[in-house]
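To keep things clear, I will list the structure first and then write my remarks on it.
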């Protein structure tokens, strides 16, 4: 029987969901695990968000192991699908369109309230990166 330690869970192909966000402080990224959505990382760049996800993953998994809690694992992914990306479609808020006229130049501008686009990848999280 395999010892299910931190290294075991690090090697599993957890899906990641990326969510770019904008707020008053600027643009940032949120990445969370599909199978364990309470484990997530945020950062000004994707690299920073992924680094924070790795740290949160380690903390959560070590705590769950110490407490003897069940830890969700991803569904088995066939080797040929290892690097495929699954796209999660989300409904975005309706865009308000306004027409701006300047002399003879007519342009259309779009505005939206906090559009969120997300996608899910099935790659393993590379825990070797710092």
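Key figures for this structure:
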quantity	calculated
Distance between modelled label sites at residue 63 and residue 24, nm, 7 Å Cα→Cβ extension	2.9
Residue 5/residue 44 FRET efficiency (R0 30 Å; Cβ-Cβ; nearest 0.05)	0.40
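Rule-based calculations on the coordinates, nothing more; no lab input. Computed from a predicted structure; not experimentally measured. Ideal geometry is used to build each Cβ from the backbone, glycine not excepted, and the neighbour counts take in all protein chains shown.
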